[in-house]
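The values are calculated or read from the model by the stated rules, or taken from the named source; none is laboratory data. These numbers come from a predicted model, not from an experiment. Cβ atoms come from the backbone with ideal geometry, glycine included; neighbour counts cover every protein chain shown.
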Amino acid sequence: MKKSYTQLAYKDLNDFVYGSCPNPVTTKSGLVIGGGTIYPELNFTLPGMNIDENSIKDAYKIYADIINGSLKRAHELHAPGVVLELETLVNFTENPKWGIEVNRIILDIMKEYADKYGLKTALRATLNDTREMSRPPVMRSGKYWDGMMEAFEGCARDGADFLSIESTGGKELHDDALVNAEIKQVIFSLGVLATRDMEFLWGHLVDIADRNNCYAAGDSSCGFANTAMVLAERGFIPKSFAAVVRVASASRALVAYEMGAVGPSKDCEYAGPYIKAITGTPISAEGKSAACAHFSPVGNISAAVADLWSNESVQQVKLLSDYAPIVSMEQLIYDCRLMNEATKQGMNVQFRDLLVESDSRLDVQAYVLRPDFVFDISKELVKEQNPFLRTKLAAQLAVEGLKKGIADGKVSADKRDNKYLDIMARELDEIPEEPMEFYNDIKEDLDESKYLPGEYLIG
């Protein structure tokens, strides 16, 4: 049964903090995510190598080495618990048996450390979305869809705690929309295409999770708002445009929870604070400790309301101290230890606010992650149940909030950012209330060779 959220999960902004949420989840090992303690979530991947039938056993060994080394370090540093994220490479989703076997290897080593040291662990299985490998993408059937579902089913059946994905529905058109800084096409891609795909996809993932006694966790905005952030950091698009895309992507992300997801959200879902404010479910986040994977302007503020703290991803490469995943595990443990100590001393709100204030003035992309900014927008988003209209509303509210923040001197922005806020405000006002009317208005501007409208129930 589809859920609806009509009010915020929080009544007091001071309750909106890291490590705690109204609807925590408890793993098989007894870790309570969102129950008052923030835990590290380690993401890892193979070094550059070809994966085929001849090298797959080498890949298995590397994964085993990563997990053994990382959990050994977690035990040595007295970590109260850790979450591991297996983010499969394309090869491991195309060949489900490979991804399922890696999942099983990780679970076996986790059990060894639980039995030997009492270390509490949990595993997130994140299968990459291979549907975009067909051109134009076939979203609801075919070999890529079947392979994804087989991999999810196998990982869930063998004991993964969480199921996640970085889904790509709507990305076919969203990429061009970003490059050209076209807000109308962004809203169509996110609010019509992506939300419809999320409903279809997450209906299946929730079903798999329910049948296999695990959690449908959440999606990410990696292919959407995160791409916007990277483009903005390189100067290709205005930062204000990327910030508005970030907030608009929250409507898309929310669909997973309306379909039954319970968190924790993906680390690279930087719109996670909006999800947490609305649903009360735990979220994972990444920032300064994810610099090995990518840079960002939100290194501290992204941790402000996180329940899991992630490194995003790191390859198994040798550094001076040890292999990179082990190094990341240490960094995450120390980050979480400090945050948990602040909580023990009754200083979690103050610590949260320090994380916020250190970033929010310097970049509009950080400013839209302020807990108070998130609250103000989320209060309005819950009044709109239509995903398309909610996406449009999120963008409009983000524009208004940023213009006010800039005018009040609370966040810095250059002339380009201000100009684009005015442009977006005008163009958003022109978007009609009915999605098919909107489609007909912008149809001529869409490259229909890149997507199949029928896969999104258009036409």
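Scanning segment 158-170 for residues that are in contact with a Ser or Thr (Cβ under 8 Å, 6 or more places away or on another chain) and farther than 11 Å from L205 by Cβ turns up D161, E166, G170.
Scanning segment 1-41 for residues that are farther than 27 Å from G81 by Cα and either of a type in the set (G, A, S) or in contact with an Asp or Glu (Cβ under 9 Å, 6 or more places away or on another chain) (or both) yields K2, K3, S4, Y5, L13. Taken over segment 34-85, the criterion of being over 26 Å from C336 (Cβ atoms) and outside any helix (DSSP H, G or I) is satisfied by P47, G48, M49, N50, I51, D52, E53, N54, S55. Residues of segment 350-371 that are more than 22 Å from the chain's Cα centre (by Cα) and among the small types (G, A, S): S358 alone.
For segment 316-340, a tally of residues being over 19 Å from A285 (Cβ atoms) and of a type outside the set (A, V, I, L, M) returns 5. Would you confirm whether or not segment 333-340 contains a residue that is out of contact with any strand residue (DSSP E or B) (no Cβ under 8 Å at 6 or more places or on another chain) and more than 21 Å from K120 (Cβ to Cβ)? Scanning segment 333-340, I find no residue that is out of contact with any strand residue (DSSP E or B) (no Cβ under 8 Å at 6 or more places or on another chain) and more than 21 Å from K120 (Cβ to Cβ), so the answer is no. Listed conditions (1) in contact with a helix residue (DSSP H, G or I) (Cβ under 9 Å, 6 or more places away or on another chain); (2) under 30 Å from V192 (Cα atoms) are all met by I100, apart from (2).
If you go through segment 171-180 and keep only what is in contact with a Ser or Thr (Cβ under 8 Å, 6 or more places away or on another chain) and free of Cβ contacts under 8 Å to residues at least 60 places away in the same chain, you end up with K171, H174, D175, A177. Looking only at residues of segment 380-392 that are in a helix (DSSP H, G or I) and in contact (Cβ under 8 Å) with a residue 40 or more places away in the chain, we find that the one that is surrounded by the fewest Cβ atoms within 10 Å (Cβ to Cβ) is L389. Selection of segment 402-411 for residues being surrounded by fewer than 14 Cβ atoms within 10 Å (Cβ to Cβ) and either touching an Asp or Glu at 6+ places or on another chain (Cβ under 8 Å) or farther than 17 Å from V247 by Cα (or both) yields A407, D408, G409. Among the residues of segment 294-302, is any touching a Phe, Trp or Tyr at 6+ places or on another chain (Cβ under 7 Å), under 30 Å from N418 (Cα atoms) and either hydroxyl-bearing (S, T, Y) or at pLDDT below 95 (or both)? Checked against the condition, which is being touching a Phe, Trp or Tyr at 6+ places or on another chain (Cβ under 7 Å), under 30 Å from N418 (Cα atoms) and either hydroxyl-bearing (S, T, Y) or at pLDDT below 95 (or both), segment 294-302 yields at least one hit. Selection of segment 303-326 for residues being β-branched (V, I, T) and either surrounded by 21 or more Cβ atoms within 10 Å (Cβ to Cβ) or modelled with pLDDT under 95 (or both) yields V305, V314, I326. Here D197 passes the criteria (1) more than 22 Å from S4 (Cα to Cα); (2) among the acidic types (D, E); (3) out of contact with any strand residue (DSSP E or B) (no Cβ under 8 Å at 6 or more places or on another chain) except the one numbered (1).
Quick check on segment 331-349. Is at least one of its residues hydroxyl-bearing (S, T, Y) and within 17 Å of the chain's Cα centre (by Cα)?
Checking segment 331-349: not a single residue is hydroxyl-bearing (S, T, Y) and within 17 Å of the chain's Cα centre (by Cα).
Considering segment 219-243 alone, what residues qualify as being among the small types (G, A, S) and on the phi < 0 side of the Ramachandran plot? Listed by number, the residues that qualify are S220, S221, G223, A225, A228, A232, S240, A242, A243.
T93 is checked against (1) under 23 Å from M149 (Cβ atoms); (2) at pLDDT 95 or above and fails just one. What number does that condition carry? Going through (1) under 23 Å from M149 (Cβ atoms); (2) at pLDDT 95 or above one by one, T93 breaks only (2). Counting only helices (runs of 4 or more DSSP H) that sit completely within segment 101-211, zero hold 3 or more residues that are modelled with pLDDT under 95 and buried (at least 24 other Cβ atoms within 10 Å of the Cβ).
The one condition from (1) in a loop (DSSP other than H, G, I, E, B); (2) under 25 Å from S289 (Cβ atoms); (3) without any contact (Cβ under 8 Å) to a residue 24 or more places away in the chain that E312 does not meet is (3).
Rundown of residues vs (1) without any contact (Cβ under 8 Å) to a residue 40 or more places away in the chain; (2) out of contact with any Leu (no Cβ under 9 Å at 6 or more places or on another chain); (3) charged (D, E, K, R), yes/no style:
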{"site": "A395", "(1), (2), (3)": "no, no, no"}
{"site": "A413", "(1), (2), (3)": "no, no, no"}
{"site": "M424", "(1), (2), (3)": "no, yes, no"}
{"site": "P432", "(1), (2), (3)": "yes, yes, no"}
{"site": "M436", "(1), (2), (3)": "yes, yes, no"}
{"site": "K443", "(1), (2), (3)": "yes, yes, yes"}
{"site": "L446", "(1), (2), (3)": "no, no, no"}
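Within the option set G154, G142, being touching a residue at least 12 places away in the same chain (Cβ under 8 Å) and of a type outside the set (K, R) holds for one residue only, G154. Only one of the numbered conditions (1) within 24 Å of the chain's Cα centre (by Cα); (2) free of Cβ contacts under 8 Å to residues at least 12 places away in the same chain; (3) surrounded by fewer than 14 Cβ atoms within 10 Å (Cβ to Cβ) is violated by G30, and that is (2).
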